[in-house]
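Trainee: Dumping the structure here so I can ask a few things about it.
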Amino acid sequence: MVNTNILQEKSLLNKEKLPQHIAIIMDGNGRWAKQKGKLRVFGHKKGVKAVRDTIEGAAEIGIKVLTLYAFSTENWNRPKKEIDILMHLLVSSLKKELPLLQKNNIQLQAIGNLSQLPKKAQKELNEVIDKTKNNTHLILNLAISYSAKEEIVNAFKNISKKIVNNELSIEDINENVINNHLYTRNLPNVDLVIRTSGEKRISNFLLWQIAYAELYFIDLFWPDFRKKDLENAIIDYQQRERRFGKTSDQL
Ligand code: FPP
């Protein structure tokens, strides 16, 4: 059972106004390591602890969906050694964290060009996805080998095929149809994007899904990020007025 009271008792967090879907760009592992005179991979290893703490925090707070940007399609251009270690970390963490996912009733999902992953990573990922498929408290969605532009190109292709096969007419295309052809078709739109490391960009992450998301940039490298920082980001989000194009008076 997740203890959802702990964080509320001692914080300003409003449980009635939680973002449903939080997406995080976990940035700064390399710089964190460099600052300490270590190799970049040391930063990735320490980043796993931040991942664990953040997932636990999200479950405690009662967030419905947490998407973590673990590896972009552009990351395939990194040195092979770094890619190998990231893939190894992913596989070993999935194995190791399965009990945490089960204990906290967390369902694992993944988005991206997953067929590009090494076979071992695909197998491990699919096993954990399968073993957690009936969990309902939190969806942990990993973006791996992910590109938002590629996701949109795929959606265009699949919609076009349906038009050619007379399964869909051009007049039928609307926002829902596009949503339903994205990798995230079963997920709500993103309410809050968090990026660590001080960089202020989106880096090809969930471009369609963040159309009205609130953006939160924090000057911490990812390995130093903890559930308290997640909580602070949510408190900041809760102070904002989300107008969706309306005026304040209309809300
Ligand atoms: C960005 O830092 C981080 C990544 C590209 C990888 C994120 C991976 C992890 C935190 C570890 C494994 C993940 C899971 C889900 C178990 P960077 O390398 O771009 O850092 P820099 O910008 O300082 O170079």
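Trainee: In Å, what Kirkwood hydrodynamic radius results for the chain from the alpha-carbon pair distances?
Mentor: Every distinct Cα pair counted, the radius reaches 19.2 Å.
Trainee: What does the charge count near residue 97 come to, summing +1 for each Lys or Arg and -1 for each Asp or Glu among other residues with Cβ under 12 Å from its Cβ?
Mentor: Its environment carries a net charge of +3.
Trainee: Over all directions, how big on average is the projection of the convex hull of the alpha-carbon atoms in segment 155-251, in square nanometres?
Mentor: 8.7
Trainee: Continuing with the same structure: Work out, step by step, the length gained on full extension between residue 167 and residue 36: first 0.36 nm times the residue separation, then minus their alpha carbon distance; give nm to one decimal. Walk me through the numbers before you get to the answer.
Mentor: Working: separation 131, 0.36 × 131 = 47.16 nm, distance 5.71 nm.
Extra length from residue 167 to residue 36 when fully extended: 41.5 nm.
Trainee: Now, a different point. Beyond a 29 Å Cα-Cα separation, which of these cross-linked pairs lie in this structure: 96/227; 38/228; 38/95; 38/96; 15/149? Mind showing how you got there, number by number?
Mentor: On the way: 96/227 20 Å; 38/228 26 Å; 38/95 26 Å; 38/96 25 Å; 15/149 34 Å.
Flagged as over cut-off: 15/149.
Trainee: If you don't mind, there's one more thing I want to ask. Note down the relative contact order for segment 137-208 as a percent, whole number, built from C-alpha pairs under 8 angstrom at least six residues apart.
Mentor: Relative CO of segment 137-208 lands at 48 percent.
Trainee: How long, wide and thick is segment 21-149, going by the Cα atoms along their three principal axes, in whole angstroms, largest first?
Mentor: Here the spans come out as 40, 31, 29 Å, largest first.
Trainee: Please work out how much length the chain gains when fully extended from residue 133 to residue 154, using 0.36 nm per residue of separation minus the C-alpha to C-alpha distance, in nm with one decimal.
Mentor: Values: separation 21, 0.36 × 21 = 7.56 nm, distance 2.48 nm.
Here the answer is 5.1 nm.
Trainee: When the Karplus curve 6.51 cos²θ - 1.76 cosθ + 1.60 is applied with θ = phi - 60°, which whole-Hz ³J(HN,Hα) does each residue of segment 240-251 get, with x for Gly and Pro?
Mentor: 3J(HN,Hα) across segment 240-251, in whole Hz: 8, 9, 8, 9, 6, x, 7, 8, 4, 4, 6, 7.
Trainee: If exposed chymotrypsin sites (Phe, Trp or Tyr not before Pro) are those in a DSSP loop with at most 13 other Cβ within 10 Å, what is the longest stretch of the chain that has none?
Mentor: For chymotrypsin sites (Phe, Trp or Tyr not before Pro) (loop position, at most 13 other Cβ atoms within 10 Å), the longest site-free span of the chain is 1-211.
Trainee: Ok, one more. Which links in 64/123; 36/120; 80/131; 45/200 stretch past 29 Å when you go from one Cα to the other?
Mentor: 36/120; 80/131
Trainee: Could you work out [θ]222 nm for the chain from helices alone, using -39500 (n - 2.57) per DSSP H run of at least four and dividing by all its residues? Round to the nearest 500 deg cm²/dmol.
Mentor: -13500 deg cm²/dmol
Trainee: To continue, here is another question. Would you please name the trypsin sites (Lys or Arg not before Pro) within segment 126-200 that are DSSP coil residues with at most 12 other C-beta atoms within 10 Å of their C-beta?
Mentor: Qualifying residues, ordered by number: 133, 185, 200.
Readers should treat all values here as calculations from the given coordinates under stated rules, not as data from a laboratory. For clarity, every value in this text was computed on a predicted model and none was experimentally measured. Here Cβ is always computed from backbone atoms with ideal geometry, including for glycine, and neighbour counts include all displayed protein chains.
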